[in-house]
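The structure appears below as structure tokens.
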Amino acid sequence: MKLFDTNLIKINLTVTDKEQLLEKMAGDLLSSGAIKNKEDFLFLLMERESSDSTGIGRGIAIPHVRYKDVMMPKAVVYLLKDAVDYDSLDGNPVDIVIMLALPNFDIEQHKQILVFLSRSLREESDRKVLKQSRNANEVMEFFTRRQ
């Protein structure tokens, strides 16, 4: 599975708020061909966010939704220059955001991806290494070493 793609990784990005962040990330998924309809995807994502924030704490958000027009999981990774408010579980803003486009049909793969990301970012030292990435290739290498 090729979850990560260097074209979907951005470092030191500046956004003003959660809505702008999610809009940009969904736009990247659309541009990459990972989703067919940005508006439908964003609607489902915002519906998900309104019921349960995907800001998991420790400066991390993993917005995700299972969507019928995704055939293969894809991730957009943003390492933000300045953290933004995200209604996270711990109340802190986020600066590591990994948006997932997940297919509707594979719930087990969905769970495995979320566990992998949570495990990869659990330790403060690992988050620090990720934040120090200078380019998309270093971010790819960070996740590849943890698979």
Of the residues in the stretch 106-130, those that are assigned to a helix (DSSP H, G or I) and aliphatic (A, V, I, L, M) come to ILE107, ILE113, LEU114, VAL115, LEU117, VAL129, LEU130
Scope the stretch 131-147; condition free of Cβ contacts under 8 Å to residues at least 60 places away in the same chain and either of a type in the set (A, V, I, L, M) or outside any helix (DSSP H, G or I) (or both); matching residues: GLN132, ARG146, GLN147
Answer yes or no as to whether LYS81 is touching a residue at least 24 places away in the same chain (Cβ under 8 Å), among the charged types (D, E, K, R) and over 21 Å from SER120 (Cβ atoms). yes
Looking for whichever is modelled with pLDDT under 90, of a type in the set (A, V, I, L, M) and touching a strand residue (DSSP E or B) at 6+ places or on another chain (Cβ under 9 Å) here; the options are VAL139, VAL84, VAL70. Which one fits? VAL70
Elements of type strands (runs of 3 or more DSSP E) in the stretch 1-105, at least 1 residues being surrounded by fewer than 21 Cβ atoms within 10 Å (Cβ to Cβ) and on the phi > 0 side of the Ramachandran plot: 9-13, 55-57
Screening LEU89, LEU79, LEU114, LEU121 for residues that are closer than 22 Å to ILE9 by Cβ and touching a Ser or Thr at 6+ places or on another chain (Cβ under 9 Å) leaves only LEU79
Test each condition in (1) of a type in the set (A, V, I, L, M, F, W, C); (2) within 24 Å of ALA136 (Cβ to Cβ); (3) at pLDDT below 90 for PHE105 and report the one that comes out false. (2)
Taking the stretch 23-78 and keeping residues out of contact with any helix residue (DSSP H, G or I) (no Cβ under 9 Å at 6 or more places or on another chain) and under 19 Å from ILE107 (Cβ atoms) leaves LEU44, GLU47, ARG48, SER51, ASP52, MET71, MET72
List every residue pair whose Cβ atoms lie under 8 Å apart, where the two residues are 6 or more positions apart in sequence or sit on different chains, the first residue falls within the stretch 1-13 and is in contact (Cβ under 8 Å) with a residue 60 or more places away in the chain, and the second residue, located anywhere, is surrounded by fewer than 18 Cβ atoms within 10 Å (Cβ to Cβ) and part of a strand (DSSP E or B). ASN12/LYS81; LEU13/LYS81
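The values are calculated or read from the model by the stated rules, or taken from the named source; none is laboratory data. Since the structure is predicted, the reported quantities are computational estimates derived from the model, not experimental observations. Neighbour counts are summed over all protein chains in view; Cβ atoms, including those assigned to glycine, are modelled from backbone coordinates with ideal geometry.
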